[in-house]
Amino acid sequence: MSSIPASAFLALALILFCIGLYGALTKRNAVIVLISIELMLNAVNINLVTFSKYGIAPSITGQIFALFAITVAAAEAAVGIAILFSLYRNRRTVNIDEMNTMKH
(Lines give C-alpha, C1' and ligand atoms only; values in the text may rest on other atoms or scores of the structure.)
Protein backbone atom coordinates (compact mmCIF):
# COMPACT_ATOMS: atom_id res chain seq x y z
CA MET A 1 0.00 0.00 0.00
CA SER A 2 2.90 2.35 0.59
CA SER A 3 3.86 2.26 -3.11
CA ILE A 4 0.68 4.18 -3.93
CA PRO A 5 1.08 7.89 -3.22
CA ALA A 6 -1.31 9.64 -0.84
CA SER A 7 -2.37 11.96 -3.63
CA ALA A 8 -3.96 9.03 -5.47
CA PHE A 9 -6.14 8.24 -2.46
CA LEU A 10 -7.05 11.89 -2.02
CA ALA A 11 -7.96 12.17 -5.71
CA LEU A 12 -10.16 9.08 -5.42
CA ALA A 13 -11.86 10.54 -2.36
CA LEU A 14 -12.40 13.84 -4.19
CA ILE A 15 -13.96 12.08 -7.17
CA LEU A 16 -16.25 9.99 -4.95
CA PHE A 17 -17.30 13.03 -2.95
CA CYS A 18 -18.07 15.05 -6.09
CA ILE A 19 -20.14 12.21 -7.57
CA GLY A 20 -22.04 11.87 -4.28
CA LEU A 21 -22.61 15.61 -3.99
CA TYR A 22 -23.87 15.80 -7.58
CA GLY A 23 -26.25 12.91 -6.97
CA ALA A 24 -27.54 14.30 -3.68
CA LEU A 25 -28.20 17.75 -5.13
CA THR A 26 -29.65 16.87 -8.53
CA LYS A 27 -31.57 13.61 -8.23
CA ARG A 28 -35.22 13.42 -7.16
CA ASN A 29 -35.26 9.72 -6.27
CA ALA A 30 -34.83 9.28 -2.51
CA VAL A 31 -32.96 5.99 -2.89
CA ILE A 32 -30.40 7.63 -5.20
CA VAL A 33 -30.01 10.46 -2.67
CA LEU A 34 -29.27 7.93 0.10
CA ILE A 35 -26.73 6.17 -2.11
CA SER A 36 -25.11 9.53 -2.90
CA ILE A 37 -24.82 10.34 0.79
CA GLU A 38 -23.14 6.97 1.33
CA LEU A 39 -20.64 7.82 -1.42
CA MET A 40 -19.80 11.07 0.33
CA LEU A 41 -19.31 9.27 3.65
CA ASN A 42 -17.03 6.73 1.98
CA ALA A 43 -14.97 9.58 0.53
CA VAL A 44 -14.54 10.95 4.04
CA ASN A 45 -13.51 7.50 5.26
CA ILE A 46 -10.87 7.25 2.54
CA ASN A 47 -9.49 10.62 3.63
CA LEU A 48 -9.44 9.56 7.30
CA VAL A 49 -7.56 6.36 6.56
CA THR A 50 -5.17 8.12 4.17
CA PHE A 51 -4.26 10.80 6.69
CA SER A 52 -3.86 8.21 9.44
CA LYS A 53 -1.44 6.29 7.24
CA TYR A 54 0.44 9.11 5.48
CA GLY A 55 -0.06 11.98 7.93
CA ILE A 56 2.54 13.82 9.95
CA ALA A 57 2.11 11.47 12.91
CA PRO A 58 0.77 8.17 11.52
CA SER A 59 -1.47 6.41 13.99
CA ILE A 60 -4.57 4.25 14.05
CA THR A 61 -6.85 7.08 15.14
CA GLY A 62 -8.10 7.84 11.63
CA GLN A 63 -8.95 4.21 11.03
CA ILE A 64 -10.94 4.11 14.27
CA PHE A 65 -12.82 7.25 13.19
CA ALA A 66 -13.49 5.59 9.81
CA LEU A 67 -14.90 2.54 11.56
CA PHE A 68 -17.11 4.78 13.68
CA ALA A 69 -18.29 6.64 10.54
CA ILE A 70 -19.13 3.33 8.83
CA THR A 71 -21.19 2.32 11.86
CA VAL A 72 -23.07 5.61 11.89
CA ALA A 73 -23.61 5.39 8.12
CA ALA A 74 -25.08 1.91 8.45
CA ALA A 75 -27.49 3.12 11.13
CA GLU A 76 -28.39 6.15 9.01
CA ALA A 77 -29.07 3.96 5.99
CA ALA A 78 -31.28 1.63 8.02
CA VAL A 79 -33.35 4.51 9.39
CA GLY A 80 -33.52 6.17 5.96
CA ILE A 81 -34.69 2.99 4.25
CA ALA A 82 -37.31 2.46 6.98
CA ILE A 83 -38.63 5.99 6.45
CA LEU A 84 -38.68 5.43 2.68
CA PHE A 85 -40.62 2.19 3.08
CA SER A 86 -43.15 3.96 5.25
CA LEU A 87 -43.54 6.83 2.80
CA TYR A 88 -43.79 4.44 -0.13
CA ARG A 89 -46.58 2.52 1.58
CA ASN A 90 -48.54 5.72 2.11
CA ARG A 91 -47.87 7.57 -1.14
CA ARG A 92 -46.58 4.98 -3.66
CA THR A 93 -43.65 7.14 -4.71
CA VAL A 94 -39.98 7.70 -3.85
CA ASN A 95 -39.84 11.12 -5.51
CA ILE A 96 -38.51 13.74 -3.09
CA ASP A 97 -40.70 16.49 -4.55
CA GLU A 98 -43.82 14.60 -3.52
CA MET A 99 -42.58 14.06 0.06
CA ASN A 100 -42.89 17.65 1.19
CA THR A 101 -45.05 17.01 4.21
CA MET A 102 -45.07 14.46 7.02
CA LYS A 103 -48.86 14.61 7.29
CA HIS A 104 -50.85 11.89 5.63
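The values are calculated or read from the model by the stated rules, or taken from the named source; none is laboratory data. The structure displayed is predicted, hence computed values, not measured ones. Cβ sites come from the backbone with ideal geometry, for glycine too, and all protein chains shown count toward neighbours. The protein model used for the area step is the full one, side chains on, heavy atoms only, and it has no ligands, DNA or RNA in it. Shrake-Rupley method; radii C 1.70, N 1.55, O 1.52, S 1.80 Å.
All of (1) closer than 23 Å to VAL79 by Cα; (2) surrounded by 18 or more Cβ atoms within 10 Å (Cβ to Cβ) hold for THR50 with one exception: (1). If you go through segment 66-104 and keep only what is touching a Lys or Arg at 6+ places or on another chain (Cβ under 9 Å), over 27 Å from ASN42 (Cα atoms) and assigned to a helix (DSSP H, G or I), you end up with just GLU98.
Output yes when any residue across segment 21-40 is open to solvent by 60 Å² or more (accessible area, probe 1.4 Å) and small (Gly, Ala, Ser), and no when none is. No.
Please specify each residue of segment 80-97 satisfying the condition of being out of contact with any strand residue (DSSP E or B) (no Cβ under 6 Å at 6 or more places or on another chain) and either open to solvent by 90 Å² or more (accessible area, probe 1.4 Å) or in contact (Cβ under 8 Å) with a residue 60 or more places away in the chain (or both). If you could, list the steps in order and put the result at the bottom.
Here is the first cut: in segment 80-97, the residues out of contact with any strand residue (DSSP E or B) (no Cβ under 6 Å at 6 or more places or on another chain) are 80-93, 95-97.
Result: PHE85, TYR88, ARG89, ARG92, ASN95, ILE96, ASP97.
Yes or no: segment 59-67 includes at least one residue that is without any contact (Cβ under 8 Å) to a residue 12 or more places away in the chain and open to solvent by less than 60 Å² (accessible area, probe 1.4 Å). The answer is yes, given that some residue of segment 59-67 is without any contact (Cβ under 8 Å) to a residue 12 or more places away in the chain and open to solvent by less than 60 Å² (accessible area, probe 1.4 Å).
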